[in-house]
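Structure first, then comments.
The values are calculated or read from the model by the stated rules, or taken from the named source; none is laboratory data. Values in this document were obtained by computation on a predicted structure and should not be read as measured data. Heads up, the Cβs are rebuilt from the backbone with ideal geometry, glycines too, and the neighbour counts pull from every protein chain shown. When the accessible area is computed, the model is the full protein with side chains, heavy atoms only, and any ligands, DNA or RNA have been set aside. Shrake-Rupley method; radii C 1.70, N 1.55, O 1.52, S 1.80 Å.
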Amino acid sequence: MCQAAFLKLAALGPDARVEDARGYLYSIACNLVIDHLRGQIRREEVQRDLIETEEYRSATPSPEQAHYEKQRFAIFERALSTMPATRRRIFLLVRVECLSPREVAGQFGMSEGRRV
């Protein structure tokens, strides 16, 4: 920073008239520090954006992964369709609706341990 400040002062040329060279040099150094900090903030923002973009890409499934998940869901649907209606409803209430087994048992008038 110090060298950059002196370079800016020297770049003014021999014809430049600066009444307070020390104060002018101090102002140049302050501005260089501010510019450096702004650049650092900008670089951090760019890095953060790149990380967020990479996280988005990794969260987006590949075509192969999407196909695999569709196959798994089809197997799940087939298994669900073969269940008796009451068991399917209880399964969905517990696993999808996130009700406790006690709440589901109360809705169906059963004890928690009863097998359906």
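Cβ-Cβ distance of F6 and R42, R₀ of 41 Å, FRET efficiency by 1/(1 + (r/R0)^6): the value works out to about 0.95.
Matching the structure-derived volume of the Cα convex hull per residue in Å³ against the labelled list (i) 109; (ii) 212; (iii) 119 gives the label (ii). Entry comment: accessible area of the stretch 1-87 is 89 Å² per residue, from protein heavy atoms only and a probe of 1.4 Å. The heavy atoms of M83 present about 50 square angstrom of accessible area, all protein chains included, probe 1.4 Å.
Just to verify a number: FRET efficiency for Y24 and E52, C-beta to C-beta distance, R0 = 41 Å, to 0.05? The pair Y24/E52 has a calculated efficiency of 0.45. Remark: the chain carries a charge dipole of roughly 940 debye about the Cα centre, counting +1 on each Lys and Arg Cβ and -1 on each Asp and Glu Cβ. Atom-type composition of the exposed protein surface of the stretch 15-116 places 53 percent of the accessible area on carbon and sulfur (1.4 angstrom probe).
Sorting E52, E19 by accessible area puts them as E19, E52; the probe is 1.4 Å, largest comes first, and only protein heavy atoms count.
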